[in-house]
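Below: the structure, in C-alpha cells.
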C-alpha cells in the first residue's frame with residue numbers, strides 16, 4: 001500500500017489545496033492537514049519504517065490482550 005501511495009503521491013498532494021465550505025465553515029481543513037501529514041510521511045522512508053513498526057507492535061499487543069495473554073505468552077484470564 002505504501003508503494004502505491006508513493007507512486008500516486010501527486011494525487012494526494014492535490015488534496016493539500018482541497019476547498020469545501022458549508023454553512024460558512026471551512027470543512028476542508030482536516031483534508032488539507034491530513035494530506036500534508038501523509039505526504040510528509042511518504043517522503044520520509046525512515047519515519048515510515050518506524051511508524052509501521054509501531055503499528056505492528058500495537059497490533060500484536062492488542063491481539064495478545066484479546067487472546068488473554070501477557071507479553072510472555074502466559075494466560076491472564078481471571079488475573080487482576
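Label-to-label distance for residue 3 and residue 18 is 2.6 nm, based on points extended 7 Å past Cα in the beta-carbon direction. Note: relative contact order over the chain, using C-alpha pairs below 8 Å and six or more positions apart, is 19 percent. In degrees from 0 to 90, rounded to the nearest 10, what is the angle of the helix 45-67 Cα long axis to the longest principal axis of the chain? Helix 45-67 sits roughly 40 degrees off the main axis of the chain.
Based only on Cα atoms, what Rg/Rh ratio does the chain have, Rh being taken as Kirkwood's radius? Answer for the chain: 1.23. Each residue, residue 32 and residue 62, gets one label point 7 Å from its Cα in the Cβ direction; the gap between the two is 3.1 nm. Measure nothing but the geometry: give the 0 to 90° angle between the long axis through the Cα atoms of 29-43 and the longest principal axis through the Cα atoms of the chain, rounded to 10°. Relative to the chain, helix 29-43 is tipped by roughly 70 degrees.
A short reminder: the numbers here are calculations on the coordinates, not readings from a lab. Predicted, not measured: the structure shown is a model, and the values here were computed from it. Backbone-built Cβ (ideal geometry, glycine too); neighbour counts: all protein chains shown.
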